[in-house]
1. Report, by residue number, each residue of region 1-41 that is modelled with pLDDT of 85 or more and polar (S, T, N, Q).
2. Considering region 18-47 alone, what residues qualify as being within 25 Å of residue 81 (Cα to Cα) and exposed (fewer than 13 other Cβ atoms within 10 Å of the Cβ)?
3. One residue is enough: does region 42-55 have a residue meeting the conditions at pLDDT 90 or above and among the hydrophobic types (A, V, I, L, M, F, W, C)?
4. Go through (1) basic (Lys, Arg); (2) surrounded by fewer than 16 Cβ atoms within 10 Å (Cβ to Cβ); (3) over 20 Å from residue 10 (Cα atoms) and name the single condition residue 50 misses.
Amino acid sequence: MADDVCDDFPAHGDACAHNLDRILSSYPYLAHVFLYNADKGFVNRSQPYRMKQDASFRTEGAELGKMMEGWLSMDHKEVAEKVIHAMRSLSKPNYTFFRSSMLLGSVQ
């Protein structure tokens, strides 16, 4: 599943809310997607149907976006270097998934 999503992610110069919304509509199992570009900044999008229906999901999206934007604005070069190194050293892609520390109903 992750390979499919990665293949459809926009190119470096095409990072915008519209393209991330397209990915979310194509992959309804994704909750949030984001891109960071040092020149253009941070773009964070969340599943629209869940944003309309679920207040805790809206909170999660906002807090995740704030946290990731702050972290990547400080450490984007180091994070990118680690990901590139890991991708080059593995025969299969290595994906990192970030898990929110917020509670969603009875699920953490």
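1. 19, 25, 26
2. Hits for region 18-47 are 38, 39, 40, 41.
3. Taking every residue of region 42-55 in turn, at least one turns out to be at pLDDT 90 or above and among the hydrophobic types (A, V, I, L, M, F, W, C).
4. (2)
The values are calculated or read from the model by the stated rules, or taken from the named source; none is laboratory data. Since the model is a prediction, treat every value here as computed from it, not as a measurement. Cβ coordinates were reconstructed from backbone atoms using ideal geometry, including for glycine residues, and neighbour counts include every protein chain displayed.
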